[in-house]
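**Student:** Just passing along the structure, written as structure tokens.
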Amino acid sequence: MKILLIEDDIKIIQSLRKGLEENGYEVDIAYDGQIGKHLAKRNDYSVIVSDIIIPGINGVALCRELRNEGIRAPFIMLTALGALEEKLIGFDAGADDYLVKPFDFLELLA
């Protein structure tokens with residue numbers, strides 16, 4: 001299973017990458033939305049995991065753009081923005097799930 005992880009916090013992205021790879025996943029990383037979009041359009045991912053507040057294209061706009069371009073890989077928002085309104089915006093953009101930081105790594109694996 002190949003995962004695209006989009007996150008600008010180096011500690012978080014390295015920790016998530018390590019944990020996912022230890023669980024048998026292949027992980028590509030991007031530190032901003034533009035790079036994430038480029039990778040998502042050029043590779044076939046089983047899932048895309050993205051923060052919302054990232055440089056370039058934010059995670060909500062990125063999800064919406066990928067959906068409009070026909071990319072249907074499951075999209076998980078992983079963010080500190082946990083208000084109901086923010087979650088609904090994410091789901092409206094096409095997200096399949098929404099995890100609020102801090103989260104338990106086992107929840108992401110599920």
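**Student:** Could you say whether any residue in the range 31-46 is open to solvent by 30 Å² or more (accessible area, probe 1.4 Å), in contact with a Gly (Cβ under 7 Å, 6 or more places away or on another chain) and either under 22 Å from Ala83 (Cβ atoms) or not aromatic (Phe, Trp, Tyr) (or both)? Explain how you work it out, then say what you get.
**Tutor:** Kept after step one, since they are open to solvent by 30 Å² or more (accessible area, probe 1.4 Å), are these residues of the range 31-46: 31-32, 34-35, 37-39, 41-44, 46.
Those still in the list that are in contact with a Gly (Cβ under 7 Å, 6 or more places away or on another chain) too: 32, 34.
Adding the requirement that they be either under 22 Å from Ala83 (Cβ atoms) or not aromatic (Phe, Trp, Tyr) (or both) leaves 32, 34.
Yes: one or more hits.
**Student:** Just give me the residues in the range 98-110 being open to solvent by 70 Å² or more (accessible area, probe 1.4 Å) and either more than 17 Å from Ile12 (Cα to Cα) or aromatic (Phe, Trp, Tyr) (or both), in sequence order.
**Tutor:** Step one: filter the range 98-110 for residues open to solvent by 70 Å² or more (accessible area, probe 1.4 Å), giving 102, 104, 106-107, 110.
Correct list: Ala110 only.
**Student:** To continue, here is another question. Enumerate the pairs (first residue in the range 13-26 and within 21 Å of Lys101 (Cα to Cα); second residue anywhere and of a type in the set (Val, Ile, Thr) and modelled with pLDDT of 95 or more) with beta-carbon separation below 8 Å, excluding pairs fewer than 6 apart on the same chain, so at least 6 apart or on different chains.
**Tutor:** Partner pairs satisfying both residue conditions: Ile13/Ile29; Leu16/Val27; Leu16/Val49; Arg17/Val27; Arg17/Ile29; Leu20/Ile3; Leu20/Val27; Glu21/Val27.
**Student:** Restricting attention to the range 53-110, report how many residues are within 14 Å of Gly33 (Cβ to Cβ) and β-branched (Val, Ile, Thr).
**Tutor:** 6
**Student:** Okay, moving on. If we scan the range 75-86, do we find a residue that is out of contact with any Cys (no Cβ under 8 Å at 6 or more places or on another chain), open to solvent by less than 50 Å² (accessible area, probe 1.4 Å) and modelled with pLDDT of 95 or more?
**Tutor:** Looking for residues that are out of contact with any Cys (no Cβ under 8 Å at 6 or more places or on another chain), open to solvent by less than 50 Å² (accessible area, probe 1.4 Å) and modelled with pLDDT of 95 or more, one finds at least one in the range 75-86, hence yes.
The values are calculated or read from the model by the stated rules, or taken from the named source; none is laboratory data. These numbers were taken from a predicted model, which means no experiment stands behind them. Counting neighbours? That spans all protein chains shown, and the Cβs are built from the backbone with ideal geometry, glycine included. Side chains included, ligands, DNA and RNA excluded: accessible areas come from the protein's heavy atoms. Shrake-Rupley method; radii C 1.70, N 1.55, O 1.52, S 1.80 Å.
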